[in-house]
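Written below as structure tokens is the structure these notes are about.
The values are calculated or read from the model by the stated rules, or taken from the named source; none is laboratory data. Everything numeric here is computed off the predicted structure, so don't read it as measured data. We work out accessible area using only protein heavy atoms, side chains counted, and drop any ligands, DNA or RNA first. Shrake-Rupley method; radii C 1.70, N 1.55, O 1.52, S 1.80 Å.
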Amino acid sequence: MTNYILFPTTRTFIRGMKAAKAASIPHRVRAVPTHITHQCGMCLEIEHDAEMLAALKTALEHEQIEYQIISEQ
């Protein structure tokens, strides 16, 4: 399963990327897949790992970063 973490703006995407990096959460930066629509064209992608996903949520919420998670198989 793949998780796409979407952000409403480029600025929040950059903040989210920095938060993931600071928390040592393995992720990839990629364009939002064409079948997913959102305001910002970039997203973070992480493989399904409940522990990493929970850590990312904690890091984003600690920094008060707005996000949305789309999970796909």
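For residues in segment 14-73 being outside any loop (DSSP other than H, G, I, E, B) and β-branched (Val, Ile, Thr), which is most open to solvent (accessible area, probe 1.4 Å)? If we take residues in segment 14-73 being outside any loop (DSSP other than H, G, I, E, B) and β-branched (Val, Ile, Thr), then Thr58 is most open to solvent (accessible area, probe 1.4 Å).
Within segment 1-12, track down each residue that is part of a helix (DSSP H, G or I) and either at pLDDT below 95 or open to solvent by 80 Å² or more (accessible area, probe 1.4 Å) (or both).
The first filter runs over segment 1-12 and keeps only residues part of a helix (DSSP H, G or I), leaving 10-12.
Within segment 1-12, Thr10, Arg11 meet the criteria.
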